[in-house]
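All remarks here apply to the structure that follows.
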Amino acid sequence: MTALTLSFHDMQFDVIDRNNQPWLRLHQIEGALRYAGKGRALSLLYQRNADEFTDSMTALVELETSGGKQQVRIFSLRGCHLLAMFARTKIAKEFRQWVLDVLDHETALPDPNAAQTLLLSEQQILSELIHAKARTAPD
């Protein structure tokens, strides 16, 4: 995954790259949803509904934090959406739509009609192949 930056309103997420997918930290999701409590409110919300989350939606991982390395709960975009479905803040509906828009963008197939740019190394290989083929072609 290329370096991805995600922000929702004034929340700039520290995106975690996990299996080439963007994952977000619980306390930042909580901030985006306008909960106060440094991860406690959404943590309780998650715990009450933990049976609905799969391993592909949430994980507890060790990350560097302002307090040093700690276990941090993170959520995939699908997990963020489900978590926001349980949220009852005024901004939750807008956050859910934002997550779906990001999911659509992340999972979109490339446009087959879009112009593709070759890397310089790919251009060099292609040029060498064309010249080699041209040298062996009959006059």
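The values are calculated or read from the model by the stated rules, or taken from the named source; none is laboratory data. Predicted, not measured: the structure shown is a model, and the values here were computed from it. Neighbour counts run over all protein chains shown; Cβ positions are idealised from the backbone, glycine included. Side chains are part of the model used for accessible areas, which takes the heavy atoms of the whole protein and leaves out ligands, DNA and RNA. Shrake-Rupley method; radii C 1.70, N 1.55, O 1.52, S 1.80 Å.
Quick look at the values:
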item: Share of Cα-Cα pairs in the stretch 46-87 lying beyond 15 Å, as whole percent; result: 44
item: Under 18 Å from K69, Cα to Cα: aspartates and glutamates that are on another chain or at least 8 residues apart; result: D14, D17
item: Apportionment of accessible area to carbon and sulfur, the stretch 18-90, percent (1.4 Å); result: 47
item: Cα-projected label distance for T5 with M85, points at 7 Å along beta-carbon direction, nm; result: 3.2
item: Longest to shortest principal axis, alpha-carbon extents of the stretch 15-91, angstrom; result: 30, 26, 20
item: Fully extended contour minus Cα-Cα distance, from I130 to L60, at 0.36 nm per residue; result: 20.1 nm
item: In degrees, nearest ten, helix 120-136 long axis to first principal axis of the chain (Cα); result: 20
item: Listed peptides 94-101, 75-82, 54-61 by packing density, highest first (mean Cβ within 10 Å); result: 75-82, 94-101, 54-61
item: Two-site label geometry, Q97 and N49: point separation in nm, points 7 Å out along Cα→Cβ; result: 1.9
item: Prolate/oblate/rounded label for the stretch 3-47 (Cα gyration tensor, a/c 1.5); result: oblate
item: Mean ellipticity per residue at 222 nm, deg cm²/dmol - from DSSP H runs of n ≥ 4 across the chain, formula -39500 (n - 2.57); result: -13000 deg cm²/dmol
item: Calculated FRET value between K69 and L119, using beta carbons and R₀ = 35 Å, to 0.05; result: 0.45
item: At 0.890 mPa s and 25 °C, Stokes diffusion of the chain via Kirkwood alpha-carbon radius, µm² per second; result: 138
item: With all protein chains modelled, accessible area of E128 [1.4 Å, Å²]; result: 100
